[in-house]
Amino acid sequence: MMTRRTLFGSAVAALGAIAATRFATMPKAHAAGEFEIEHTDAEWKKILTPEQYEVLRQEGTEAPFTSPLDHEKRKGIFTCAGCDQPLFESDKKFDSGTGWPSFWEPIKGAVIEKSDSSFGMVRTAVECHRCGGHLGHVFDDGPQPTGLRYCMNGVAMKFTPAAS
Ligand SMILES: [Zn+2]
(Lines give C-alpha, C1' and ligand atoms only; values in the text may rest on other atoms or scores of the structure.)
Protein backbone atom coordinates (compact mmCIF):
# COMPACT_ATOMS: atom_id res chain seq x y z
CA MET A 1 0.00 0.00 0.00
CA MET A 2 1.34 3.40 -0.93
CA THR A 3 1.04 6.14 1.64
CA ARG A 4 0.57 9.75 0.66
CA ARG A 5 4.12 10.40 1.75
CA THR A 6 5.44 7.65 -0.51
CA LEU A 7 3.49 9.03 -3.45
CA PHE A 8 4.75 12.53 -2.77
CA GLY A 9 8.30 11.26 -2.42
CA SER A 10 8.01 9.47 -5.76
CA ALA A 11 6.75 12.62 -7.43
CA VAL A 12 9.65 14.61 -6.01
CA ALA A 13 12.10 11.91 -7.07
CA ALA A 14 10.64 12.09 -10.59
CA LEU A 15 11.06 15.87 -10.62
CA GLY A 16 14.62 15.39 -9.43
CA ALA A 17 15.31 13.07 -12.34
CA ILE A 18 13.90 15.64 -14.76
CA ALA A 19 16.02 18.35 -13.15
CA ALA A 20 19.16 16.24 -13.42
CA THR A 21 18.49 15.75 -17.13
CA ARG A 22 17.64 19.37 -17.73
CA PHE A 23 20.65 20.78 -15.90
CA ALA A 24 23.00 18.24 -17.43
CA THR A 25 22.43 19.98 -20.75
CA MET A 26 21.92 23.49 -19.38
CA PRO A 27 24.65 24.23 -16.87
CA LYS A 28 23.85 27.14 -14.61
CA ALA A 29 25.98 30.13 -15.48
CA HIS A 30 26.72 32.85 -12.99
CA ALA A 31 28.83 35.70 -14.36
CA ALA A 32 32.40 35.72 -13.02
CA GLY A 33 32.85 38.33 -10.32
CA GLU A 34 29.15 38.19 -9.35
CA PHE A 35 29.78 36.66 -5.91
CA GLU A 36 32.25 37.14 -3.09
CA ILE A 37 32.95 33.40 -2.96
CA GLU A 38 33.46 31.77 -6.35
CA HIS A 39 34.85 28.41 -7.41
CA THR A 40 35.01 26.51 -10.67
CA ASP A 41 32.59 23.64 -11.11
CA ALA A 42 35.45 21.16 -10.49
CA GLU A 43 36.37 22.94 -7.26
CA TRP A 44 32.77 22.90 -6.01
CA LYS A 45 32.63 19.16 -6.67
CA LYS A 46 35.64 18.71 -4.38
CA ILE A 47 34.38 21.07 -1.66
CA LEU A 48 30.80 19.77 -1.47
CA THR A 49 29.32 16.33 -0.95
CA PRO A 50 27.45 14.99 -4.02
CA GLU A 51 24.13 15.78 -2.28
CA GLN A 52 25.21 19.36 -1.44
CA TYR A 53 26.52 19.87 -4.99
CA GLU A 54 23.25 18.66 -6.52
CA VAL A 55 21.21 21.22 -4.56
CA LEU A 56 23.58 24.18 -4.25
CA ARG A 57 25.14 24.13 -7.71
CA GLN A 58 22.54 22.26 -9.82
CA GLU A 59 19.38 23.67 -8.21
CA GLY A 60 18.29 20.22 -7.09
CA THR A 61 15.71 19.52 -4.40
CA GLU A 62 16.29 17.04 -1.60
CA ALA A 63 13.56 14.50 -0.87
CA PRO A 64 11.21 15.82 1.83
CA PHE A 65 11.47 14.49 5.40
CA THR A 66 15.12 13.51 4.84
CA SER A 67 17.01 16.38 6.47
CA PRO A 68 17.87 16.24 10.18
CA LEU A 69 17.66 20.05 10.10
CA ASP A 70 13.90 19.77 9.52
CA HIS A 71 13.61 18.73 13.18
CA GLU A 72 16.38 20.97 14.54
CA LYS A 73 14.83 22.89 17.45
CA ARG A 74 17.89 24.20 19.28
CA LYS A 75 18.79 27.88 19.34
CA GLY A 76 21.43 28.72 16.79
CA ILE A 77 22.26 29.81 13.26
CA PHE A 78 21.74 28.04 9.95
CA THR A 79 24.62 28.75 7.57
CA CYS A 80 25.32 28.08 3.89
CA ALA A 81 26.95 24.66 3.37
CA GLY A 82 28.96 26.15 0.50
CA CYS A 83 30.49 29.25 2.09
CA ASP A 84 29.41 29.45 5.77
CA GLN A 85 27.36 32.61 5.25
CA PRO A 86 24.84 32.89 8.14
CA LEU A 87 21.40 32.54 6.50
CA PHE A 88 18.67 31.99 9.09
CA GLU A 89 18.24 32.29 12.86
CA SER A 90 16.49 29.52 14.78
CA ASP A 91 13.87 31.90 16.21
CA LYS A 92 12.58 32.53 12.66
CA LYS A 93 12.10 28.79 12.00
CA PHE A 94 8.70 27.10 12.06
CA ASP A 95 7.29 23.66 11.34
CA SER A 96 5.57 23.96 7.97
CA GLY A 97 4.76 20.24 7.80
CA THR A 98 6.25 20.06 4.29
CA GLY A 99 9.29 18.01 5.29
CA TRP A 100 11.74 20.83 4.51
CA PRO A 101 13.26 23.25 7.06
CA SER A 102 11.10 26.38 6.87
CA PHE A 103 11.64 29.95 8.03
CA TRP A 104 9.56 33.11 7.88
CA GLU A 105 12.50 35.49 7.48
CA PRO A 106 16.18 35.25 6.43
CA ILE A 107 19.01 37.18 8.05
CA LYS A 108 19.05 40.64 6.46
CA GLY A 109 21.08 40.67 3.23
CA ALA A 110 21.93 36.95 3.44
CA VAL A 111 19.96 35.73 0.43
CA ILE A 112 19.07 36.76 -3.10
CA GLU A 113 15.61 36.03 -4.53
CA LYS A 114 15.17 35.26 -8.22
CA SER A 115 12.23 34.35 -10.44
CA ASP A 116 12.37 30.66 -11.38
CA SER A 117 10.07 29.34 -14.12
CA SER A 118 11.35 25.75 -14.22
CA PHE A 119 8.80 22.88 -14.28
CA GLY A 120 6.11 25.18 -15.73
CA MET A 121 5.65 26.98 -12.41
CA VAL A 122 6.64 30.52 -11.60
CA ARG A 123 8.37 30.39 -8.25
CA THR A 124 10.89 32.53 -6.43
CA ALA A 125 14.24 30.80 -5.97
CA VAL A 126 16.40 31.68 -2.99
CA GLU A 127 20.18 31.81 -3.35
CA CYS A 128 23.04 32.50 -0.96
CA HIS A 129 24.14 36.12 -1.32
CA ARG A 130 27.80 35.22 -0.81
CA CYS A 131 28.35 32.23 -3.15
CA GLY A 132 25.19 32.09 -5.29
CA GLY A 133 24.39 28.59 -4.05
CA HIS A 134 20.77 27.50 -4.56
CA LEU A 135 19.01 27.07 -1.21
CA GLY A 136 15.32 26.60 -1.98
CA HIS A 137 12.24 28.70 -2.75
CA VAL A 138 10.11 31.30 -0.98
CA PHE A 139 6.30 31.17 -0.98
CA ASP A 140 3.71 33.64 0.31
CA ASP A 141 1.77 31.18 2.51
CA GLY A 142 3.92 31.50 5.62
CA PRO A 143 3.04 32.67 9.12
CA GLN A 144 2.99 36.23 10.43
CA PRO A 145 4.67 38.63 10.82
CA THR A 146 5.99 38.29 7.23
CA GLY A 147 3.49 35.82 5.72
CA LEU A 148 6.45 34.24 3.93
CA ARG A 149 7.63 30.63 3.89
CA TYR A 150 11.29 30.13 3.02
CA CYS A 151 11.28 26.45 2.06
CA MET A 152 14.90 25.37 2.32
CA ASN A 153 16.88 22.28 1.45
CA GLY A 154 18.47 21.12 4.70
CA VAL A 155 21.43 19.66 2.80
CA ALA A 156 22.31 23.16 1.55
CA MET A 157 22.79 24.37 5.12
CA LYS A 158 24.79 23.64 8.26
CA PHE A 159 23.55 24.32 11.79
CA THR A 160 25.65 25.92 14.52
CA PRO A 161 24.04 25.73 17.98
CA ALA A 162 24.26 28.90 20.05
CA ALA A 163 26.86 28.84 22.82
CA SER A 164 25.00 28.65 26.12
ZN1 LIG B 1 26.91 30.41 0.27
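Roughly how many Å² of Arg57 are accessible to a 1.4 Å probe, to the nearest 10?
Counting only protein heavy atoms, the figure is 40 Å².
What lysines could a cross-link reach from Lys45, if we take a straight Cα to Cα line under 28 Å and drop same-chain neighbours fewer than 8 places away?
Cα-Cα hits under 28 Å: Lys28, Lys114, Lys158.
Using a 1.4 Å probe on the protein heavy atoms, what percent of the accessible area of segment 75-153 belongs to carbon and sulfur? Intermediate results must be reported in sequence, preceding the final value.
Values: 1690 of 3340 Å².
Carbon-and-sulfur percentage of accessible area, whole number: 51.
Taking a virtual spin label 7 Å from the Cα of Lys75 along the C-beta vector, which residues in segment 132-164 bring their backbone nitrogen under 16 Å of it?
160-164, by backbone N distance to the label point.
Using a/c under 1.5 as the rounded threshold, could you call segment 53-149 rounded, prolate or oblate? The axes a ≥ b ≥ c are square roots of the C-alpha gyration tensor eigenvalues, and prolate needs a/b larger than b/c, oblate otherwise. Please list the in-between numbers first.
On the way: a/c = 1.28, a/b = 1.15, b/c = 1.12.
Note, shape of segment 53-149 comes out rounded.
The values are calculated or read from the model by the stated rules, or taken from the named source; none is laboratory data. What you see is a predicted model, and the numbers here were worked out from it, not measured in a lab. Heads up, the Cβs are rebuilt from the backbone with ideal geometry, glycines too, and the neighbour counts pull from every protein chain shown. Keep in mind that these areas ignore ligands, DNA and RNA; they rest on the heavy atoms of the full protein, side chains included. Shrake-Rupley method; radii C 1.70, N 1.55, O 1.52, S 1.80 Å.
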